[in-house]
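Asker: Here you go, one structure.
The values are calculated or read from the model by the stated rules, or taken from the named source; none is laboratory data. Everything numeric in this text was worked out from a predicted model, so none of it was measured. Backbone-built Cβ (ideal geometry, glycine too); neighbour counts: all protein chains shown. The protein model used for the area step is the full one, side chains on, heavy atoms only, and it has no ligands, DNA or RNA in it. Shrake-Rupley method; radii C 1.70, N 1.55, O 1.52, S 1.80 Å.
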Amino acid sequence: MIIDLSCYPTDLVDLAWRHDGPPFTGDKLLKMMDGPYYVNGKPRRIDKAFIQPPQGNTIYTHEIMDLEGKAAIRQYMGYTEKMVTEHPDRFLGCFVYNPRYGVQNGVDEIERYAKEFDFKMVQLQANMHAYRPDRALDWLRPAMKKCAELGLMVKVHTGDGPYSIPTEFYPIIREFPEINFILAHFGVQTGGVYVFEPMQMALDTPSVYVESGWCLQSRIVEFAKVLPKHKILFGSDTPPNEPGMWINLLEVLCHEPPQGLNLSEDDLEDYLGNNLARMIGLEPTKPPATVEEAEAYLRQHGVQIAA
């Protein structure tokens, strides 16, 4: 299966990115997930996606997102909750923890979303929420204790200074070695290209994983040579990104050197979804052996294939 780690369906255009056009709804995301996308010549779909609100909608915005405390948290998480409830076979929930709405409020809501809606992941966005993760440990510790108690993964937005440089999260990562931390965007965003920090952190620390999206194509080949195969997870950051190009970035690993690694299709399937499936208790799957098998799978799930 293919599982996308980072998607942001919304009924309100992202108040930070301010994308053109109407909101990128759950229905639009489902259509995009169905593709089909061609991987080693075989049509595929994105089977599941972790979803969460756009980050610009998780902060106070006068007269639009202007509630306080738990009411504010439930306001910004509301559409994600709705989509996970309506499409449990396709969407997995990721809770965005904003300590500025109250640390205990956030901790309580982490537990509620995990227990009532089976959310399996929590995200930290220190840049958008304006705190230094290496210093605001009194804000992070209670939430991380709850994540450890519930067995939740923690995804960390990385790539922006001043508060989302990957190594700034090392203090909290070291304090909670029982939590699987995923460094989203491979240290690349609007503020910098910190790709070597996530690679070294994942290489040195058993509990650290990296999201493939945003990493430079040549670097992902270089890093895949040395990182344990279970450490790389597919994520597209959709929107603003389009998932097909990031699937292709990983498919290149199956090409011949120097662009690729002659990676096997089984190993590619680990990167595309099986690594993440194992982390959340889903049974991993084999990649389709033939074009015909891939097409039959898509038809079974209602995906139209061009003649």
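Asker: Run down the lysines and flag those whose C-alpha is under 30 Å from the C-alpha of Lys115, throwing out any fewer than 8 positions away in its chain.
Answerer: Result set, ordered by chain and number: Lys28, Lys31, Lys48, Lys70, Lys82, Lys145, Lys146, Lys155, Lys231.
Asker: Report, by chain and number, residues whose modeled amide H sits under 5 Å from the one on Val96, excluding near sequence neighbours (fewer than 5 apart, same chain).
Answerer: Gln123
Asker: Pairs of Cα atoms under 8 Å, at least six residues apart: use those to get the relative contact order of the stretch 222-307, whole percent.
Answerer: Over the stretch 222-307, the number comes to 21 percent.
Asker: Another question, then. Using a/c under 1.5 as the rounded threshold, could you call the stretch 51-156 rounded, prolate or oblate? The axes a ≥ b ≥ c are square roots of the C-alpha gyration tensor eigenvalues, and prolate needs a/b larger than b/c, oblate otherwise. Before the final figure, lay out the partial values.
Answerer: Working: a/c = 1.71, a/b = 1.13, b/c = 1.52.
In terms of gyration-tensor shape, oblate.
Asker: Another question, if that's okay. Give a residue-ordered list of calculated ³J(HN,Hα) values for the stretch 115-130 (Karplus: 6.51 cos²θ - 1.76 cosθ + 1.60, θ = phi - 60°; whole Hz; x for Gly, Pro).
Answerer: 7, 8, 10, 6, 5, 10, 8, 10, 10, 10, 10, 5, 5, 5, 9, 6
Asker: Can you give me the Rg/Rh ratio for the stretch 1-104, using Cα atoms for both radii and the Kirkwood formula for Rh?
Answerer: On the way: Rg = 15.1 Å, Rh = 14.7 Å.
Result for the stretch 1-104 is an Rg/Rh of 1.03.
Asker: With contacts defined as alpha carbon pairs under 8 Å and 6 or more residues apart, what's the relative contact order of the stretch 41-88 in percent? The partial results should precede the final answer.
Answerer: Numbers: 20 pairs, mean separation 15.5, N = 48.
Value for the stretch 41-88: 32 percent.
Asker: Non-local amide H neighbours of Gln189 (under 5 Å, H modeled in plane, Pro and chain starts lacking H): which ones?
Answerer: Residues meeting the amide H criterion: Tyr194.
Asker: Separate question: Run the helix sum for the chain: -39,500 (n - 2.57) per DSSP H stretch of 4+ residues, divided by residue count, reported at 222 nm to the nearest 500 deg cm²/dmol. The partial results should precede the final answer.
Answerer: Numbers: 12 runs with 112 residues, N = 307.
Estimated from H runs of four or more residues: -10500 deg cm²/dmol.
Asker: While we're looking at this one, here's another question. Probe of 1.4 angstrom, ligands and nucleic acids ignored: what's the accessible area per residue over the stretch 189-307, in square angstrom? Could the numbers behind the result be given before it?
Answerer: On the way: 5520 Å² over 119 residues.
It amounts to 46 Å² per residue over the stretch 189-307.
Asker: Ok, one more. Leaving out ligands and nucleic acids, note down the accessible area per residue over the stretch 1-111 with a 1.4 angstrom probe, in whole Å².
Answerer: On the way: 4460 Å² over 111 residues.
With all protein chains present, the stretch 1-111 gives 40 Å² per residue.
Asker: Going toward the positive end of the dipole of the chain, with +1 on Lys and Arg Cβ and -1 on Asp and Glu Cβ, which of Leu272, Gly244, Gly56 do you reach last?
Answerer: Gly56
Asker: Placing +1 on the Cβ of each Lys and Arg and -1 on the Cβ of each Asp and Glu in the stretch 1-119, which of Met1, Phe119, Asn105 has its Cα farthest towards the positive end of the resulting dipole?
Answerer: Met1
Asker: Considering only DSSP beta bridges where both residues belong to the chain, give the percentage that are antiparallel (nearest 5).
Answerer: Values: 7 of 31 bridges.
Given both bridge residues lie in the chain, the antiparallel proportion sits at roughly 25 percent.
Asker: To continue, here is another question. Please list, in order along the stretch 87-97, the HN-Hα scalar couplings obtained from phi with the Karplus expression 6.51 cos²θ - 1.76 cosθ + 1.60 (θ = phi - 60°), rounded to whole Hz, x for Gly and Pro.
Answerer: Per residue, the Karplus-derived 3J(HN,Hα) values read 10, x, 7, 10, 10, 10, x, 10, 8, 9, 8 Hz.
Asker: A further question follows. Can you pull the semi-axes for the chain, root of five times each eigenvalue of the Cα gyration tensor, sorted largest first, whole Å? Don't skip to the end; give the middle numbers.
Answerer: On the way: eigenvalues 180, 106, 60 Å².
Rounded to whole Å, the semi-axes are 30, 23, 17.
Asker: If you don't mind, another one. Loop-only check: which trypsin sites (Lys or Arg not before Pro) in the stretch 183-262 are DSSP coil with at most 16 other Cβ within 10 angstrom? List each step's numbers first, then the result.
Answerer: Values: sites: Arg219, Lys225, Lys229, Lys231; in loops: Lys225.
Qualifying residues, ordered by number: Lys225.
Asker: Could you compute the FRET efficiency for Leu216 and Ser264, with r as their C-beta to C-beta distance and R0 at 22 Å, rounded to 0.05? The partial results should precede the final answer.
Answerer: Values: r = 23 Å, r/R0 = 1.04.
For Leu216 and Ser264, the calculated efficiency is 0.45.
Asker: Right, next: Could you give the dipole magnitude of the stretch 77-198 about its Cα centre, charging the beta-carbon of Lys and Arg +1 and that of Asp and Glu -1, in debye to the nearest 20?
Answerer: Working: 13 positive and 16 negative charges, 28 e Å.
Approximately 140 debye in magnitude.
Asker: Additional query: Mind pulling the angle between the C-alpha long axis of helix 69-86 and the longest principal axis of the chain? Nearest 10 degrees, somewhere in 0 to 90.
Answerer: Helix 69-86 and the main axis of the chain meet at about 20 degrees.
Asker: Please state the charge dipole magnitude for the chain, taken about the Cα centre, from unit charges on C-beta atoms (+1 on K and R, -1 on D and E), reported in debye and rounded to the nearest 20. Provide the component values of the computation, followed by the final result.
Answerer: Values: 29 positive and 42 negative charges, 77 e Å.
Around 360 debye, computed over the chain.
Asker: Using a 1.4 Å probe on the protein heavy atoms, what percent of the accessible area of the chain belongs to carbon and sulfur?
Answerer: On the way: 6530 of 12680 Å².
In the chain, the share of accessible area belonging to carbon and sulfur is 51 percent.
Asker: Work out from phi, with θ = phi - 60° and the Karplus expression 6.51 cos²θ - 1.76 cosθ + 1.60, the ³J(HN,Hα) of each residue of the stretch 278-288, listed in order in whole Hz, and give x for Gly and Pro.
Answerer: Once θ is set to phi - 60°, the couplings for the stretch 278-288 become 4, 5, 10, x, 9, 6, x, 10, 7, x, x Hz.
Asker: Under the rule a/c < 1.5 gives rounded, and otherwise a/b versus b/c splits prolate from oblate, where does the stretch 148-215 land using the Cα gyration tensor? Don't skip to the end; give the middle numbers.
Answerer: On the way: a/c = 1.81, a/b = 1.73, b/c = 1.04.
Here the stretch 148-215 falls in the prolate category.
Asker: Running a GNM on the chain with Cα contacts under 10 Å, which residue among Leu152, Leu276, Leu261 ends up with the highest mean-square fluctuation?
Answerer: Residue with maximal mean-square fluctuation among Leu152, Leu276, Leu261: Leu261.
Asker: Take the alpha-carbon positions of the stretch 228-304, form their convex hull, and give its projected area averaged over all directions (one quarter of the hull surface) in nm².
Answerer: Values: hull surface 25.8 nm².
Its Cα hull, projected and averaged over all orientations, spans 6.4 nm².
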